[in-house]
Every structure is written in C-alpha cells, then in structure tokens.
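Q: My questions all concern the structure below.
Bear in mind these aren't lab numbers, they're just calculated from the coordinates by the rules spelled out. Here the structure is a predicted model, which is why all the values come from computation and not from measurement. All Cβ positions, even for glycine, are placed from backbone atoms using ideal geometry, and neighbour counts span all protein chains on display.
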Amino acid sequence: MRAAGLFDELQPTTAGAFLSGLLIGHEARAATEAVVEEGGTVHLIGEAGLVALYGQALGRIGVASAEGPRDAAASGLHRLAERVKEGRPT
C-alpha cells in the first residue's frame, strides 16, 4: 500500500476504503477456514453497512452468512455487566 501511495496508484481519499477491504477480505478468509470444515454459517453482528460488506465478501468466496440481531452486542454487554454487578462469574 505504501508503494501504491508513493506512485500515485492509491489516492489518500480512497486509502481507508482500500484498507477496510483488505481487512474484511482477510477476516472472511479466516472465517472460511473455520466454517467450511464444519459446513456452517458465519453469523454477522454489527453496524448494518459493515455487516453488508462482510456478507458480500463471504458470499464471493462461497461461505454462507446470516445477519444476527442488531442489538446483540449491546445485549451481551448488558448481560455481562449485570453478572459482574451481582458478583456472578462471567
């Protein structure tokens, strides 16, 4: 990426999207290794735009994905906080 920037092949305005694509691709490939062995589905939780991008990337490499509940992360953190407050093990 550095070389692309030095040779004007990558503009500063698109560098963020390029890096995001690299990260999503890397994570999709890693998920593939784990899921394909089991024949399962990758469950995606997060901001709607990112969930869509991850779903696209997974679909392009033949991995099934499903969008999880939009509030899953917040609900999980709330449950964890309640357990800690009550002194129960996490």
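Q: Measuring from label point to label point, each 7 Å out along Cα→Cβ, what is the Ile61 to Leu23 span in nm?
A: Distance between label points: 1.6 nm.
Q: Under the 0.36 nm per residue contour assumption, what length would be gained going from the current alpha-carbon distance of Ala30 and Ile45 to full extension?
A: Result: 3.7 nm gained on full extension.
Q: Okay, next question. What list of ³J(HN,Hα) values in whole Hz, one per residue of the stretch 14-22 in order, does the Karplus curve 6.51 cos²θ - 1.76 cosθ + 1.60 (θ = phi - 60°) give from phi, with Gly and Pro shown as x?
A: So the Karplus estimates, Gly and Pro as x, are 10, 4, x, 5, 4, 5, 4, x, 4 Hz.
Q: Check which residues have an amide H placed less than 5 Å from Val42's amide H, if you skip close sequence neighbours.
A: Residues meeting the criterion, in which the H sits 1.01 Å from N, are Ala64, Ser65, Ala66.
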